[in-house]
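For reference, the structure is listed below as structure tokens.
Bear in mind these aren't lab numbers, they're just calculated from the coordinates by the rules spelled out. Not measured: the values here are computed from a predicted model. For neighbour counting, all protein chains shown are included, and Cβ atoms are generated from backbone atoms with ideal geometry for every residue, glycine included.
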Amino acid sequence: MNSEFIETITEEWILSQMEELGLKRKDLKQDIGLDTVYLSLFFAKEDNPRKIHLSKTTKAMFYYYFEWKRSTLQK
């Protein structure tokens, strides 16, 4: 995975992947172990001073999570 691709992983991309795979926030919480507060702050509006912005490592984690999820749903 190159750094140019990493930059395409945004909140909107994550939401579209979730919709495509039929996932909810509770699935992210259960499968990845993300905290409810973290998810709320990640999906918060841009004007929220506590909004979480993704690091490259976290973007990569989401990419591989969705790849794994696709592979498990195809079985």
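Across the chain, Cα-Cα distances exceeding 22 Å account for 21% of all pairs. Placing unit charges on each Cβ (+1 for Lys and Arg, -1 for Asp and Glu) gives the chain a dipole about its Cα centre, and among TYR38, PHE62, MET18 the Cα reaching farthest toward its positive end belongs to TYR38.
Helix 11-21 and the long axis of the chain differ in direction by around 30°, with both axes built from C-alpha atoms.
A simple count of charges around LYS26, restricted to other residues whose Cβ falls under 14 Å of its Cβ and scoring Lys, Arg +1 and Asp, Glu -1, yields +1. A cut-off under 15 angstrom between Cβ atoms defines the neighbours of GLN17, and their net charge, with Lys, Arg +1 and Asp, Glu -1, is -2. Between GLU7 and GLN30, take the C-beta separation as r, use R0 = 25 Å, and let me know the FRET efficiency to the nearest 0.05. With R0 = 25 Å, the Cβ-Cβ based efficiency is 0.35. The residues packed around LEU39, meaning those with a beta-carbon under 15 Å from its beta-carbon, carry a net charge of +3 if Lys and Arg are +1 and Asp and Glu are -1. Taking all C-alpha pairs of region 29-68, those more than 16 Å from each other amount to 41 percent.
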